[in-house]
1. Failed condition for Asp145, given (1) closer than 24 Å to Val67 by Cα; (2) buried (at least 21 other Cβ atoms within 10 Å of the Cβ), with all others met?
2. Name every residue in the stretch 92-107 that is surrounded by 14 or more Cβ atoms within 10 Å (Cβ to Cβ) and in a strand (DSSP E or B), in order of residue number.
3. Do you know which residues across the stretch 108-132 are in a strand (DSSP E or B) and not hydroxyl-bearing (Ser, Thr, Tyr)?
4. Let me confirm something: among Thr109, Thr75, Thr83, Thr96, which residue is closer than 15 Å to Asp222 by Cβ and over 27 Å from the mean Cα position of the chain (by Cα)?
5. Being assigned by TED's automatic domain parsing to the domain that holds Ser121, among the polar types (S, T, N, Q), at pLDDT 95 or above and within 18 Å of the chain's Cα centre (by Cα) is the requirement here; does Ser193 meet it?
6. Would you say Leu183 is in contact with a helix residue (DSSP H, G or I) (Cβ under 6 Å, 6 or more places away or on another chain) and of a type outside the set (Lys, Arg)?
7. Please indicate, with yes or no, whether at least one residue in the stretch 156-167 is assigned to a strand (DSSP E or B), of a type in the set (Gly, Ala, Ser) and under 23 Å from Thr216 (Cβ atoms).
Amino acid sequence: MGGYAATVKRTGNGTGNGVQGMGQNAQVQNGRRQQFVSREQRSRARLFGVALASATLMIAAKSQADVVAYWSLNTLNPLGSPTIAADLGKGSMDATGLGLDAQVYQGTTLSAQSGFIAGTSLGLSGVSANGSWLDVAVDTMGFTDLSIGFATRRSTTGFANVTLQYWRGDVWSDVMMFSPNALNWESRAIDLSTFDSLENGIALLRFTFDGATGSTGSVRLDNVSIMGSVVPAPAALSLFACFVARSTRRRSTT
């Protein structure tokens, strides 16, 4: 009897320890599983957060226009110095194509960048000036989604047809033709975002003036701005790509 009791006791203790050990193992495994899931969720959350922040910055950079180049045209001598440097950014105008018909008129603050006064404006006068042109060269490195804005006006017998063109690399191509408002200044903005050849390099634009019918008929341009969206720096994109790659590797090893 004593031997039997001892046997039962030993058997009972062994069974109890086995059940307790299985329970502890299950708890450890569940704990590890929860830790793995938690790490996986945190990793995905960090990756998503970085991706979202990067995408937000790219969209913000794309949607916010910056000044690529700006001409106030407040200091002019087109006959003596036909090359006009940009007041902001990198660019120049070449008024050689206006010839001896180039004029300097009173300017406006319409379309002016902050801090610039009305000053003067660049103009053209006379029937003999029909077909004259003004060239604009802009360094657009680091910019995309370009546009051009300016203030303009003409006299009643002035240049009713102004054509904006861009240099395609082999020929001048039309962007659009417009007719400046007679007598009153107006602000114009022209989208250039579809012309990819102008982006992230050197953009060449040309204004051609025609349609004057009077010997004193005139046209004026003032406050010319080239605007664009900043292209995200390659270094920033590379850093983001490296972070994504590292996060992916960590996920695969956890």
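1. Among (1) closer than 24 Å to Val67 by Cα; (2) buried (at least 21 other Cβ atoms within 10 Å of the Cβ), Asp145 violates only (2).
2. Once the filter is applied, which keeps residues that are surrounded by 14 or more Cβ atoms within 10 Å (Cβ to Cβ) and in a strand (DSSP E or B), the stretch 92-107 yields Ser92, Met93, Asp94, Ala102, Gln103, Val104, Tyr105.
3. Step one: list which residues in the stretch 108-132 are in a strand (DSSP E or B), which gives 120-125, 132.
Matches in the stretch 108-132: Leu122, Gly123, Leu124.
4. Working: Thr109 fails: over 27 Å from the mean Cα position of the chain (by Cα); Thr83 fails: closer than 15 Å to Asp222 by Cβ; Thr96 fails: closer than 15 Å to Asp222 by Cβ.
Just a single option satisfies the conditions, and that option is Thr75.
5. On the way: assigned by TED's automatic domain parsing to the domain that holds Ser121: yes; among the polar types (S, T, N, Q): yes; at pLDDT 95 or above: yes; within 18 Å of the chain's Cα centre (by Cα): yes.
Yes: the conditions hold for Ser193.
6. Details: in contact with a helix residue (DSSP H, G or I) (Cβ under 6 Å, 6 or more places away or on another chain): no; of a type outside the set (Lys, Arg): yes.
Judged against the criteria, Leu183 is not a match.
7. Our first condition is that a residue be assigned to a strand (DSSP E or B); within the stretch 156-167, this holds for 161-167.
Then drop every residue that is not of a type in the set (Gly, Ala, Ser), which leaves none.
No, the stretch 156-167 contains no residue that is assigned to a strand (DSSP E or B), of a type in the set (Gly, Ala, Ser) and under 23 Å from Thr216 (Cβ atoms).
Here's the yes/no breakdown for (1) touching a helix residue (DSSP H, G or I) at 6+ places or on another chain (Cβ under 9 Å); (2) surrounded by fewer than 18 Cβ atoms within 10 Å (Cβ to Cβ); (3) of a type in the set (Asp, Glu); (4) modelled with pLDDT of 95 or more:
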{"site": "Ile59", "(1), (2), (3), (4)": "no, yes, no, no"}
{"site": "Val68", "(1), (2), (3), (4)": "no, no, no, yes"}
{"site": "Thr83", "(1), (2), (3), (4)": "yes, yes, no, yes"}
{"site": "Asp87", "(1), (2), (3), (4)": "no, no, yes, yes"}
{"site": "Lys90", "(1), (2), (3), (4)": "no, yes, no, yes"}
{"site": "Ala112", "(1), (2), (3), (4)": "no, no, no, yes"}
{"site": "Ala129", "(1), (2), (3), (4)": "yes, no, no, yes"}
{"site": "Ala151", "(1), (2), (3), (4)": "no, no, no, yes"}
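The values are calculated or read from the model by the stated rules, or taken from the named source; none is laboratory data. For clarity, every value in this text was computed on a predicted model and none was experimentally measured. Note that we place each Cβ from the backbone using ideal geometry, even for glycine, and neighbour counts take in every protein chain shown.
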